[in-house]
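Data block below; observations after.
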There are 2 protein chains.
Amino acid sequence: MKNKCWWHDKFYNFGARMTSTRRTIIDILHSTREHLSVEDIFKKVHEMNPSTGLTTVYRTLDLLEQMGMAQKYIFGDGKARYELAINRKGKGYHHHLVCVKCKTIIDYSDFTNNEIELFKATKTKLLKKYNFKIVNHVTYFYGLCGKCQNL
Amino acid sequence: MKNKCWWHDKFYNFGARMTSTRRTIIDILHSTREHLSVEDIFKKVHEMNPSTGLTTVYRTLDLLEQMGMAQKYIFGDGKARYELAINRKGKGYHHHLVCVKCKTIIDYSDFTNNEIELFKATKTKLLKKYNFKIVNHVTYFYGLCGKCQNL
DNA sequence: AATGAAAATGATAATTGTTTTCATATAGAT
DNA sequence: ATCTATATGAAAACAATTATCATTTTCATT
């Protein structure tokens, strides 16, 4: 893996190395807007390189989360899901409505500029006050979807 | 269990019955501001009534979440945590900073009136647009705590 | 290009939080 | 007091995730 890419330095700064599997996983996340489960991602990686193990996928996703490149979501179905954090800064920025009964997820992107400004200010405040370097934030709205409201 | 309490109707409307175990669990949640894990809660219940099973605790917490009485949190340590949703409306209202590396949780309550208004408006909007009855919302801020920033 | 130490990987086993099952007990309306 | 839907407990089943450890790979330095 000789050629450098834009994320090469990001990995280096994190004391991590660039590998083809990691690049593949980033590509997969980059190519979709769905919330892929670890197994979803594993299957796709496996298509490209059948020798890749599930453990590596877990480890890579964990690393990406720590680097702030991926966002991990845990809804109610017992499996972690991931999406590229980079996406969220642009067009794909969204939050989630979660039905606490049937676990249906609806993406919600009708946020306001007001909200963006608010969170931007909050991040700065939290860094100062708690010395906590925020890389991402996620809001979940919990409730009952139309179907489940009628028992 | 003959005597009615304020939550009796809430249960009834949900097609659920009031039991002493459920009351105990509500009391436990009511008596703390910590984010208790299921096992934490089970241990406390067990002190009061050793015959209570872990399964019932899981089932009760699930029920309370669906009723909107409890909020379920999943941070990064692999166990679900709960707190009374009622508390969040008053003094105890807060969000969480989660260190993606060491999984430290810091409660954050320096929110603004601006934020409260924003979420109130959002709830109304979401009900109209998606017919989704919001019972609660949660914001997680993810990042690196002071220690983990210095590797 | 060869080297070597640190980091990444894969296969498997182990772990553990959570759910299912099913027979029994209980709540609460009648 | 009776009866039916609901709740419960114990144990087994389940499934996502993590730990282990020997092997391979990256990449900075020769």
Report summary line: Yeah, segment B:1-88 with a ≥ b ≥ c from its alpha-carbon gyration tensor (a/c under 1.5 is rounded, else prolate when a/b outruns b/c, oblate otherwise) is oblate
Report summary line: With the charge dipole of the protein assembly as shown built from beta-carbon charges (+1 for Lys and Arg, -1 for Asp and Glu) about the Cα centre, the Cα from A:63, B:80, B:122 projecting farthest to the positive end belongs to B:122
Query raised in the report: According to the Kirkwood expression over distinct Cα-Cα pairs, how big is the hydrodynamic radius of the protein assembly as shown, in Å?
Result: 21.1 Å
**Report entry** Sites residue A:27 and residue B:23 - FRET efficiency at Förster radius 51 Å, r taken between beta-carbons, to 0.05
**Finding:** 0.45
Query - Cα centre as origin, Lys/Arg/Asp/Glu Cβ charges: the protein assembly as shown dipole, Debye - result: 260 debye
Query raised in the report: Using only helices, what value at 222 nm comes out for chain A when you add -39,500 (n - 2.57) per DSSP H run of length 4 or more and divide by the total residues, to the nearest 500 deg cm²/dmol?
Result: -13500 deg cm²/dmol
Query raised in the report: Semi-axes of segment A:94-151's equivalent ellipsoid from the Cα gyration tensor, sqrt of 5 times each eigenvalue, largest first, rounded to whole Å?
Result: 31, 13, 8
Report summary line: Evaluated at 37 °C and 0.692 mPa s, the Stokes-Einstein D of segment B:1-50 based on the Kirkwood radius over Cα pairs, in µm²/s, stands at 276 µm²/s
**Report entry** Sorted by Cβ density within 10 Å, fewest first, the residues B:102, A:99
**Finding:** B:102, A:99
Requested in this report: May I ask for the net charge around residue B:118, where only other residues with Cβ less than 13 Å from the Cβ of residue B:118 are counted and Lys, Arg are +1 while Asp, Glu are -1?
Outcome: -2
Query raised in the report: Can you flag which of B:72/B:133; A:72/A:103; A:103/B:72; A:103/B:10 are past 19 Å Cα-Cα?
Result: A:103/B:10
Query raised in the report: Longest exposed-loop-site-free stretch of chain A, with trypsin sites (Lys or Arg not before Pro), DSSP loop and at most 14 other Cβ within 10 Å?
Result: A:104-151
**Report entry** Cα-based shape type of segment B:25-151, given that a ≥ b ≥ c are square roots of the gyration tensor eigenvalues and the cut on a/c is 1.5
**Finding:** oblate
Report summary line: Rounded to whole angstrom, the alpha-carbon centroid of segment B:109-151 lies from that of segment B:20-34 at a distance of 25 Å
Requested in this report: Can you tell me the dipole magnitude for segment B:1-143 around its Cα centre, using point charges on the Cβ only (Lys, Arg +1; Asp, Glu -1), in Debye to the nearest 20?
Outcome: 560 debye
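No lab work stands behind these numbers, since they all come straight from the coordinates. Since this is a predicted model, take the numbers as computed values, not measurements. Glycine gets a Cβ as well: all are built from the backbone with ideal geometry, and neighbour counts include every protein chain shown.
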